[in-house]
Amino acid sequence: MADFHFIRPYWLFTLIGLIFALWLVARLKVNNTAWQKLLPAHLAEVLIKQPAKSTGLSLFAPALIGFLTIIALAGPSWQKLPQPVYQIARGSVLVMDMSYSMLATDVSPNRLTRARYKAIDLLDNINEGDIGLVAYAGDAFTISPLTTDINNIKLLLPSLSPDIMPELGSNPYAALALADDMLKNAGHLRGDIYWFTDGVDNEELTDLHEQAQKLGHKVNILGIGTKAGAPIKLTSGELLKDDNGAIVIPKLPSAKLAGIARSGKGNYHTISLDNSDIEKLVSGSLLDSNKDQSEDQNSQQQGTDNQSNTGDQWQEAGPYLLLLVLPLVLNYFRRGQLFSLVLPSLTTGLSTLLALSIGLVPVPSQANTLQDAWTDLWQTQDQQAQEKFGAEAYQEAAEQFADSQWRASAHYKAGNYEQALSGFQQSNSAEALYNQGNALAKLGRIDEAIDAYQQALNKQPDFTNAKANKELLEALKKQQEQQNQQDNKGDNNQEQNQQQNGDNAGKNSDGNNTENANSDNSSSENSDSESTEQDDSEQGADSGEQQSDNSNQSNNSQSNKSELDTPKDNSQQPAESGNEGNQEQTSEQTASDAMQQPDAQQPGEQAQTAAIDQASLAEQQDQEAAQKHQQILKKVTDDPYLLLRNKMQLEYQKRRHNNNGAKKKW
């Protein structure tokens, strides 16, 4: 309870107002009637019945309620809430030295290859937060911005080489400045810089020490190489030489690099065969970062402790005090009102519980009775029937409605039009008369329905529904009358038609007899004429036969004469030529028909050929586009080595500024 305090202590000032209010109430209870002012004090004591001296007891309950309520509003608290700890994502930048000295072979196979492997080990050990990659030689370049995708950086590491750097030399100052910009732009005011290098020049030591102190980030350095050093073997196989022709042998300045790491509040380790160097770098950086975070949290906690408590760090006990207020407030409910609400539910619950406890299950009728009793507590009969009416249980609603009009409406919906009509007739309002008309219309009593609508219109002339229904029934009545008249006319027409058909039948029989007699006479005449025609035809046939015989004889004589004068082949030429002519004509006709048939089928075939041509043209265009796409892709270089080199070359051309780094090649 040492931490007991009020989260909102200003509510305690309302206790003064509570005391003043209680004093006023007590004063009013003493002078509670107007006779106290009119009568003298000695007469008032005798004539006016004084209440029992229970003023203190009657004011105790409201005083306690007000006091507990004010204390609850003030927010008493003595226990802190556990606050979630948010760990800020780490920001790290890997700085790789890409000067030619990294090709020295004092570590196998060379310093650059070993640095790549150590970089992969470093990425695996960090494996959290944002990580970026910077490479430098004569100038510094961003190889990968800050990202959580470690695999992307691992893919870029094998492509790093001094040969892709746009400018030769060694400029770590620019590399550290670029790493600082990357971290600050990403919101990491305190990050980690892991610098893999094999040395610095003496000219840069002072600038690097000052820079490491001002960065605000931890500069962790991994020295690549040995103190003895080794020659630099270029990719061509030659050894790198200086301007004097001497072979360059770079050595690892461990002491210088360790001093820069101390200035940057980081750690320094020389490369080793195992993973101990990376583990020490990462573990030391983690310990320092956790220490810094704890210091920041402590400072923030001290700042919040010095400030006024706002209530979001402490568990408030005020709501629990309100539980004590509720029983006291219940006494001020209207007498009997609360009990009338609670008692039926308690009775129902206890009876059900008792039945279940002794193994009795209430029958459905009893259960329904209990349910109805519970429903009757909260809803009237009309309200319950209204719910059933809305649920389309019209018959049940009609039995439960107490209101005659609602009951009649339920009967109407249920199809009980006689009962609905009797219910609507209990009222003489315009709506009731309108409903009477509807019920009468359903019963087929059109005239009475029209009269009911007219009475509704007399009471309410602007009753549009009644007017519309009345006009509809009048039109229906008129239509029925017209139909009845047409039916009567139709019956009369049928009788007349039947009589006319009988008369026509007699006349037709007489006409048929006369026609049959005429047909007999005509048939006899036709038979006579046919006999005469047959005789004439026989005579003509005989004469024709004679003529044919004579013609045959003359033809035979001519043919015999021609056979003697000409060869047999020539005798058949006219007939053959005639046949050939016919064949040529038929072939020309078939050819013309064949030419005409495509013309007849031309619209459908043109549509098909057009669709085929469009499909083939689209396929051809797609193939050409795919070929062009493949040609463009073949022109694009997918080698990360070339991509990085071109990227840095373009960036270097944009910069074109004077660097402060060492100008030597290695």
Protection proxy ranking of 400-408, 387-395 - average other beta-carbon atoms within 10 Å, highest first: 400-408, 387-395
Least to most buried among Glu481, Glu399 (fewest other Cβ within 10 Å first): Glu481, Glu399
Amide proton proximity set for Trp195, modelled H, under 5 Å, gap of 5+: Val95, Asn220, Ile221, Leu222
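Pull out the extension gain between Gln630 and Arg262, defined as 0.36 nm times the separation in residues minus the alpha carbon to alpha carbon distance; nm, one decimal.
127.0 nm
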Zone residues, the stretch 445-459, relative to Ala475, backbone N less than 17 Å from point 7 Å out along Cα-to-Cβ: 450
Sequence-distant residues sharing a close amide H with Ser92 (under 5 Å, placed H): Asp130, Ile131, Gly132, Asp192
Charge sum, other residues only, whose C-beta stays under 12 Å from Ile247's C-beta, Lys/Arg counted +1 and Asp/Glu -1: 0
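So for each of 257-264, 201-208 I average, over its residues, the number of other beta carbons within 10 Å; can you give me the resulting order with the highest mean first? Present the calculation step by step, with values, prior to reporting the outcome.
On the way: 257-264: 20.5, 201-208: 14.2.
So the order, starting with the most tightly packed, is 257-264, 201-208.
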Label-to-label distance, nm, for residues given as Ala61 and Asp613 (7 Å Cα→Cβ offset): 10.2
Proximal charge balance of Gln386 [Cβ under 14 Å; K/R count +1, D/E count -1]: -3
Counted charge near Pro231, where neighbours are those whose Cβ lies closer than 13 Å (Asp, Glu -1; Lys, Arg +1): +1
Backbone HN-Hα couplings from phi across the stretch 120-125 [Karplus 6.51/-1.76/1.60, Hz, Gly and Pro as x]: 5, 4, 5, 4, 5, 6
Amide H within-cut-off set for Ile143, under 5 Å, with H built and near neighbours excluded: Leu133, Val134, Ala135
Simple label model, 7 Å out from Cα along Cβ direction - Leu155 to Glu418, nm: 8.9
Sites Leu189 and Ser272, calculated FRET efficiency, Cβ-Cβ separation with R0 22 Å, nearest 0.05: 0.10
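The stretch 84-169: which chymotrypsin sites (Phe, Trp or Tyr not before Pro) are DSSP loop and have at most 13 other beta-carbon atoms within 10 angstrom? Mind dumping the intermediate values first?
On the way: sites: Tyr86, Tyr100, Tyr117, Tyr136, Phe141; in loops: Tyr86.
Hits after loop and neighbour filter: Tyr86.
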Added length on full extension, which subtracts the Cα-Cα distance from 0.36 nm per residue, Gln383 to Ile247: 38.2 nm
Cβ-based exposure ranking for Thr380, Thr69, in which fewest neighbours within 10 Å come first: Thr380, Thr69
Separation of the Glu399 and Leu643 label points, Cα + 7 Å toward Cβ, nm: 8.2
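Every read-out reported here was derived from the displayed coordinates using simple, explicitly stated rules and does not represent laboratory data. Worth saying up front: this structure is predicted, and the values here are computed from it rather than measured. Neighbour counts are summed over all protein chains in view; Cβ atoms, including those assigned to glycine, are modelled from backbone coordinates with ideal geometry.
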